[in-house]
Amino acid sequence: MTGRHRVSLALAFLLALSASAAHGSGSGQSAPLLAGVTKITGSASAHMLVEVPAPASIRLDHTRGTRHPQGPSSAIELLGDGRFFGVALTTDSARPQVVFVAGQFGRCLRSRCEGPAKPINYTFPVGESSVRIKPGTYRLYVVTDGTPVRVKLRFQGLERATLLTPQEPADDLIATPARQTASSAAPFYVSGEVDHRFRGRGMLVTNMWTDVQDPAAVTRGDCLYRGSPPFPKPLADSPGCAPYQHVIGDGGYYLGSTQGSGSITVMRPSMAPGQWHYGVWYSVTNPFDASGRLRNGSGAVAVFLGFEGS
């Protein structure tokens, strides 16, 4: 073999090795396809790119009231534990937009906790029975509270079945706002606060529940600030920390209350990058049960999820 042939073979080998490395790093790989039945697993919050090969839709069946324990709709099944777990699909763009979100709040206040038999389900967009999805590249997120989660999505318009496990760590925080009690007598007042910094754009979904027999006896609200300003006390007197309304003034969506749990869920799907400070509060005029003991069946959970842009 001549020296020229050796150089040619070595160059060909290096080119092949370079192409193989590029393919393995993902730069030459196409995103996995979503299928008619898409199963998703994960033990930590993560995301991945996916491809929608044809026009598709997924049913959300958004109705008020407690829904089936395994999911909020006939097309979305969720199985896991913890304060919150769920799934989200966003556009893959410089300014990601939410396509749909589905999740469950466990009505408990610690990571990896097991809530009551009937969790609080929710879907977004609000009031939509289904969401249409155009062909293209999207980003799929699975959100967990430190425990394994299994998700099953049924897309109309797509074929076959697939199993996906997102691996890229997500920018998320599932938090229980620190509980601060202002009084132990009626009106019983409780508030809590939590901070999170988004690297890019993101979303915030929150849930509060209170154990009271008379919903009219409870006043609840929340507030959201850029940065980390000190909240005036009491929290309910802070500007923008007004009681919950059917329209949230800072770009949020009131997802309604759930009968039987005294819960309210609020979704803010488009939050700018940077530091955010969230506060939640409630006041109860009848804080004691029939035995004269203070009711403890209340709490709030905030879920921050940062989006990855292309």
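VAL98 meets all of the listed conditions (1) among the β-branched types (Val, Ile, Thr); (2) farther than 27 Å from PRO273 by Cα; (3) touching a Leu at 6+ places or on another chain (Cβ under 9 Å) but one, namely (2). If you check LEU204, LEU158, LEU153 for being part of a loop (DSSP other than H, G, I, E, B) and modelled with pLDDT of 70 or more, only one passes: LEU158.
Residue under question is HIS62, and the condition is that it be at pLDDT below 65 and closer than 27 Å to SER263 by Cα; does it hold? Yes, satisfied.
Checked against (1) crowded, with 18+ Cβ neighbours inside 10 Å; (2) in contact with a Cys (Cβ under 8 Å, 6 or more places away or on another chain), THR90 meets all criteria but (2). The single condition among (1) aliphatic (A, V, I, L, M); (2) at pLDDT 95 or above; (3) over 25 Å from PRO125 (Cβ atoms) that ALA236 does not meet is (2). In region 208-226, the condition of being of a type in the set (A, V, I, L, M), outside the structural domain of ILE120 (by TED's automatic domain parsing) and modelled with pLDDT of 80 or more is met by at least one residue.
Considering region 117-150, and only residues there that are under 13 Å from the mean Cα position of the chain (by Cα) and not in a strand (DSSP E or B), the residue that is modelled with the lowest pLDDT turns out to be PRO125. Consider region 163-177 and keep the residues that are surrounded by 16 or more Cβ atoms within 10 Å (Cβ to Cβ) and not in a loop (DSSP other than H, G, I, E, B). The one that is farthest from the chain's Cα centre (by Cα) is LEU164.
May I ask you to list the residues in region 282-304 that are in contact with a Leu (Cβ under 8 Å, 6 or more places away or on another chain) and at pLDDT 65 or above? Hits for region 282-304 are GLY299, VAL301, ALA302, VAL303, PHE304.
The values are calculated or read from the model by the stated rules, or taken from the named source; none is laboratory data. Because the structure is a prediction, the values reported are computed rather than measured. Don't worry about glycine lacking a Cβ; one is built from the backbone with ideal geometry, like all the others, and counts go over all protein chains shown.
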